[in-house]
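Working notes for the structure below.
Values in this text are rule-based calculations from the coordinates and carry no lab data. Just so we're clear, the structure is a prediction, and the values are computed from it rather than from any experiment. In this analysis, Cβ positions are derived from the backbone assuming ideal geometry, glycine residues included, and neighbour counts consider all displayed protein chains.
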Amino acid sequence: GGMGYSFGAAIGSAFARQRRTFVIAGDGAFFMHGMEIHTALEYRLPVTFVVFNNNAHAMCVTREQLFYGNRYSFNRFRPSRIAEGVAAMFPSMPAYPAGTVDQLFDALELATSASGPSFIAVDCDPDEIPPFLPFLQ
């Protein structure tokens, strides 16, 4: 689907099925549609939001690296602490930052044991090229 689509789709699925669903999205998608989290919180829906925070529209950054000789446009963001921001906005929802694999495993265990929605922000490198590289060549 389009960028950010997974937020509304997971919430709709949780409404329909009444079982835990997962959003896996980037920070760019979160900045576009992440406030849908409020709907999950209002209805206590079992949705775990996992947001990869690389402070960039990283798919665009990757294309710029590969095709434009590392000339960048406006696809990198100022650093943000998304989990901490979400925790401040929605204090009744568990929100966890994860900067290491161990922290991610711990966060997943805690987040999936929540009765309602939960949030995990996974810090990652915007210059890491994802495994879709062969499709771009």
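Observations, loosely collected:
- Listed by Cβ neighbour count within 10 Å, with the fewest neighbours leading, Phe31, Phe119, Phe22 appear as Phe31, Phe22, Phe119.
- Full extension of the segment from Asp102 to Met35, taken as 0.36 nm per residue of separation minus the current Cα-Cα distance, would add 21.4 nm.
- Amide H contacts of Phe49 (H built 1.01 Å from N, in plane; Pro and chain starts excluded): Val23, Ser118, Phe119, Ile120 sit under 5 Å, all sequence-distant by 5 or more or on other chains.
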